[in-house]
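The structure under discussion appears below in the form of structure tokens.
The values are calculated or read from the model by the stated rules, or taken from the named source; none is laboratory data. The shown structure was predicted, so the numbers you read here are calculated from the model rather than taken from an experiment. Here Cβ is always computed from backbone atoms with ideal geometry, including for glycine, and neighbour counts include all displayed protein chains.
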Number of protein chains: 2
Amino acid sequence: MKGKTMKIAQRIARLGTETAFAVSAEAAAFAAEGRKVYPFHLGDMNLRTPANVMEAAIKAMHDGKTGYCPNAGIPQLRETLAADVSASHGIPYTMENVAIQPGGKPTISKFFLTLMNPGDEVLYPNPGYPIYESQIEFHGGKARPYSYIEGERNFEIDLDMLARQITPRTRLLVLNDLQNPTGAECRAAELEKLAELVRAHDLYVLCDEAYFDIRYEGRSTSFAALPGMAERCVILYTFSKKFAMTGWRLGAAIGPREIIDIIIKLNVNDESCSNHFVQYAALEGLTGDQRATGQILKTLRERRDAAVDRLNSIEGVRCFRPNATFYLYPNVTGAMQKKGLTDYDAFRRALLHETGVSVCTRLHFGRPLAGEKNFYIRLAYAGIDTPEIEAGLDKFKAFIES
Amino acid sequence: MKGKTMKIAQRIARLGTETAFAVSAEAAAFAAEGRKVYPFHLGDMNLRTPANVMEAAIKAMHDGKTGYCPNAGIPQLRETLAADVSASHGIPYTMENVAIQPGGKPTISKFFLTLMNPGDEVLYPNPGYPIYESQIEFHGGKARPYSYIEGERNFEIDLDMLARQITPRTRLLVLNDLQNPTGAECRAAELEKLAELVRAHDLYVLCDEAYFDIRYEGRSTSFAALPGMAERCVILYTFSKKFAMTGWRLGAAIGPREIIDIIIKLNVNDESCSNHFVQYAALEGLTGDQRATGQILKTLRERRDAAVDRLNSIEGVRCFRPNATFYLYPNVTGAMQKKGLTDYDAFRRALLHETGVSVCTRLHFGRPLAGEKNFYIRLAYAGIDTPEIEAGLDKFKAFIES
């Protein structure tokens, strides 16, 4: 079935995508030739959903939780999640502050639909998750990037650049903390300076906290917990990472009731509700035996250390050891120079074809900014076992140093 | 958590909802007083998802189908659904024509986002599913209603009215066939006249076929199967009704590849993908033992007959016996006159409080049009057993005739 010459709506010209899917396709094509692939490009996990979480879904299914449920989610899950996030964040949320979503991602478009008028300017991280840029522009906003600088122990938000991007039209800020692709988290000083700017310019904030619970030491601090910020912040929460439930598609928008009420109305319009019995699985995830979650973090930490150690042993590669997320964002400027490559795609393809190591690059995290001098790639280690990490990165090293 | 005085985006003022949820709330409040409720207002089903479908979901979960899957859905399901719809529709669809969605409803907003520019006029059924009107206006279109007339055997689209609503700005048509709330289906002559108008005015069509397989005799005809129409139609498909999977949230958009490619890009932006293991359940639904589906239809047919027989025995109530959907849309003008009521909500509340029978009215299916002379209510019989249908409608009869 081919269409006639279509008159597609104009807004579609502004719709972006995740170009990382093209990397997956290239890796799959390479594997189909019988070649070994080390899949560091994947944002997915190769870890199993905890057994107790699966059993709770099955029980709910058998109990007949197969019909529609409330648009905002089942009350028990909203209450439990509100209590859980209240405890971890130090913010007094109740179930009225929670709208369950079919994944973490739906909160992004619903946040912009609720708070952004055409022409409004939105600050967003670049490099960052490319869907921010796409959804801002798709719904008529002006996407204004802010970037990161290499600090002493990890990346830091370039606060001077961010402040320079603010104009009288700036209305919204997207903050992804803990951060993809850098693996960094904001220091207290960064959070405070951001809060100052948010107050001064009367901004609302999307706090993408998809990786809030994926950390190996210490506790995460939410930007929403800073004085006066909770009433300006919508938190993107997801069950995907902590409980290895990426393919289950369940998350939530958490924020001020006036905004959440509108997001619930968007739920009515867009998808009615999220899967009913999956919400019982999430409830078990929050309230049941937490041993599997601990094991997931232990496994991820081993992988991080294996990957960081090997990356830093490669000539021309420099990599922080982030305490959070399952991403690494090494500076590969020296390694590319050594191979005589000045083009991201050429480097990525050479790496794939010479070693089987498949990665994303800075290009997959937003349109590059003027004046970028360093080159970065992103490795995800949630979908690849430690021995494979070691084997792949040993080949990476041999390729660069040959 | 209360918000400060919010600056909400202007488009939110144009966002509608399903006002039927307020009816559910009123019925629940009445039941909470210890009163018996007959829930004819529900669009949900009280029938179990077939066991083989549930088992397939559980197997897929245990097989590790818990990570992300392709944005467009798993290839096996897209292929199987394309073959199934090709056979039932007589249209040669392939997997490239299918984008899996988290429910039937997401196809509505994605159709408008893909094909409607601000200011475009859209023809939509009124009375009809209220989300059409809401999504058209929310995304900047002009909603132009067309209505139904009582024909000899069932409701028919008021084609004269529909034709009069067409202007040079008309770009899209929403056709819900088989129809909610009327239970009717288009006759061949209606479909042909519609196709003529679509060709003459170069329209694209959302074919909401949520009830395509819910019929008791004969075969459904898709508008998309008429000559030249497939290239202009996007079919809203859902697994919800046929397989009693309303709360599982799985459906599809089916249409010309150029449109489906864009809808897949919207999937990337909005929700990444639909639940992975649920897609294996849907696959079993399409390919496995069909006995449970036959039993679902047999049960619904019994309920229809029980409800239609009783409604027509009530003085001042006139009800068709539709061959399709699980809705009835009786004309209650005489019954309301008999009770001295000229207001929909007053009638609905009197009925609830005097008899426990909870229904939706014409008001829940779009803004009433000028000049409407008759009064209609909508009864859904998918969520209520036959003995309860009989008991409730006997009370309804006693109330009207007292």
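Just a few scattered comments:
- Test for residue B:399: is it aromatic (Phe, Trp, Tyr), under 16 Å from residue B:316 (Cβ atoms) and surrounded by fewer than 20 Cβ atoms within 10 Å (Cβ to Cβ): yes
- The single residue among A:297, A:311 that is at pLDDT 95 or above, within 19 Å of the chain's Cα centre (by Cα), more than 30 Å from residue B:266 (Cα to Cα) and more than 14 Å from every other protein chain (Cβ to nearest Cβ) turns out to be A:297.
- Members of segment A:303-353 that are of a type in the set (Asp, Glu) and free of Cβ contacts under 8 Å to residues at least 40 places away in the same chain: A:305, A:309, A:343, A:345
Conditions tested, residue by residue: (1) within 20 Å of residue B:250 (Cα to Cα); (2) more than 8 Å from chain A (Cβ to nearest Cβ); (3) buried (at least 18 other Cβ atoms within 10 Å of the Cβ); (4) touching a helix residue (DSSP H, G or I) at 6+ places or on another chain (Cβ under 6 Å).
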site: B:86; (1), (2), (3), (4): yes, yes, no, no
site: B:91; (1), (2), (3), (4): no, no, yes, yes
site: B:102; (1), (2), (3), (4): yes, no, yes, no
site: B:105; (1), (2), (3), (4): yes, no, yes, no
site: B:140; (1), (2), (3), (4): no, yes, yes, no
site: B:145; (1), (2), (3), (4): no, yes, yes, no
site: B:148; (1), (2), (3), (4): no, yes, yes, no
site: B:151; (1), (2), (3), (4): no, yes, no, no
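- The residues of segment B:23-46 that are more than 9 Å from every other protein chain (Cβ to nearest Cβ), assigned to a loop (DSSP other than H, G, I, E, B) and closer than 24 Å to residue B:239 by Cα, listed by number, are B:40, B:41.
- Restricting attention to segment A:205-216, the residues that are within 13 Å of chain B (Cβ to nearest Cβ) and closer than 26 Å to residue A:42 by Cα add up to 1.
- Among residues of segment B:263-284, those that are touching a strand residue (DSSP E or B) at 6+ places or on another chain (Cβ under 9 Å) and assigned to a helix (DSSP H, G or I), counted: 6
- Looking only at segment A:217-259, and only at residues there that are β-branched (Val, Ile, Thr) and either part of a strand (DSSP E or B) or more than 9 Å from chain B (Cβ to nearest Cβ) (or both), the one that is farthest from residue A:189 (Cα to Cα): A:238
- When residues in segment B:47-65 are screened for being within 23 Å of the chain's Cα centre (by Cα) and either β-branched (Val, Ile, Thr) or in a helix (DSSP H, G or I) (or both), 2 of them pass.
- Within segment B:285-317, being over 26 Å from residue B:333 (Cα atoms) and outside any helix (DSSP H, G or I) holds for B:288, B:289, B:290.
- Test: residue in segment A:282-289 that is within 13 Å of chain B (Cβ to nearest Cβ) and at pLDDT 95 or above: yes
- Candidate set: segment A:377-387, residues that are buried (at least 20 other Cβ atoms within 10 Å of the Cβ) and not aromatic (Phe, Trp, Tyr); chosen: the one nearest to residue A:336 (Cα to Cα): A:377
- Identity of the residue in segment A:55-84, in contact with a Ser or Thr (Cβ under 7 Å, 6 or more places away or on another chain) and more than 11 Å from chain B (Cβ to nearest Cβ), that ends up surrounded by the fewest Cβ atoms within 10 Å (Cβ to Cβ): A:80
- Consider segment B:207-216 and keep the residues that are farther than 13 Å from residue B:184 by Cα and charged (D, E, K, R). The one that is surrounded by the fewest Cβ atoms within 10 Å (Cβ to Cβ) is B:213.
- For segment A:354-362, the criterion of being crowded, with 19+ Cβ neighbours inside 10 Å and more than 28 Å from residue A:131 (Cα to Cα) is met by at least one residue.
- For segment B:199-234, a residue qualifies if it is aliphatic (A, V, I, L, M), touching a helix residue (DSSP H, G or I) at 6+ places or on another chain (Cβ under 6 Å) and under 23 Å from residue B:109 (Cβ atoms), and the qualifying residues are B:205, B:206, B:224, B:229, B:230, B:234.
- Residues considered: B:188, B:200. Of these, the only one that is farther than 24 Å from residue B:376 by Cβ and either free of Cβ contacts under 8 Å to residues at least 24 places away in the same chain or not assigned by TED's automatic domain parsing to the domain that holds residue B:143 (or both) is B:200.
- Applying the set (1) within 14 Å of another protein chain (Cβ to nearest Cβ); (2) buried (at least 21 other Cβ atoms within 10 Å of the Cβ); (3) farther than 24 Å from residue A:13 by Cα to residue B:111 leaves exactly one unmet item: (3).
- Residue in segment B:331-346 that is modelled with pLDDT under 95 and either among the hydroxyl-bearing types (Ser, Thr, Tyr) or surrounded by 16 or more Cβ atoms within 10 Å (Cβ to Cβ) (or both) present: yes
- Being of a type in the set (Phe, Trp, Tyr) and over 23 Å from the mean Cα position of the chain (by Cα) holds for only one residue in A:40, A:30, and it is A:30.
- Unmet criterion (only one of (1) in contact with a Phe, Trp or Tyr (Cβ under 9 Å, 6 or more places away or on another chain); (2) in contact (Cβ under 8 Å) with a residue 60 or more places away in the chain) for residue A:229: (2)
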